[in-house]
Amino acid sequence: MNQTMTPLHPFVDYLQRLAEGQERGALAALRRGLGQPPGTAAEMFPYVVPYLPPNPSRTQEAAYYLTASLFALHPKAGGQGNMGSHLAQTRTESGDDALERRFTALLSAHVDDLPFYLRQAVSYLKSKEVPIDWNQLLKDLQAWDHPDRYVQKAWANAFWGSRQTTSTE
């Protein structure tokens, strides 16, 4: 279980065990999916396919492959919250314009463009040593195309909502 006492998704647990066991070959195979459409890097199949739900939808399958490749890029677990809260941790009092522009582009991304924007975000978080809540990301990716856009709204609230707390203190 992670710090929020939410049980880890079996796939996320598996990815974390790969990282903890320093399974460099497996992580390298998963990184080969970066920059490619989800599910097209054959090297990833042995690590992802056993954890896919039965008869996965295109959205579910893409979420698993994308999560696996991004995890292999930045295998630091332990984050809490969503991508908005993770990126908010890196904000400074000045110089937020570039981060906000990139985050807005991420929120506006079509599901087919999401791997590109998320790779940028995860690379940035890796450079800042900010851990990611992979459980939440897997869940969010599976709902990215929901008509209510509740994932994007939650990320925006986590990113910009935290600014009000720090600016009123």
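Rule-based calculations on the coordinates, nothing more; no lab input. Model, not experiment: these values are computed from the prediction. Note that we place each Cβ from the backbone using ideal geometry, even for glycine, and neighbour counts take in every protein chain shown.
Quick check: net charge around D133, other residues with Cβ under 14 Å of its Cβ, Lys/Arg +1 and Asp/Glu -1?
Working: positive: K76, K139; negative: D13, D140.
Charge balance near D133 sits at 0.
What the phi angles of the stretch 153-158 give under the Karplus curve with 6.51, -1.76 and 1.60, with θ = phi - 60°, is a coupling list of 5, 5, 5, 5, 4, 5 Hz, glycine and proline written as x.
Residue by residue, the stretch 54-64 carries 3J(HN,Hα) couplings of x, 6, x, 6, 4, 5, 4, 4, 4, 5, 5 Hz when phi is fed to the Karplus relation 6.51 cos²θ - 1.76 cosθ + 1.60 (θ = phi - 60°); x denotes Gly or Pro. Summing +1 for each Lys or Arg and -1 for each Asp or Glu among the other residues whose beta-carbon sits under 12 angstrom from that of Y124 gives +4. A crude spin-label estimate for the pair R24 and S123, with each label 7 Å from Cα along the Cβ direction, gives 2.3 nm.
For the chain, the Kirkwood hydrodynamic radius comes to 16.4 Å, computed from all pairs of different C-alpha atoms.
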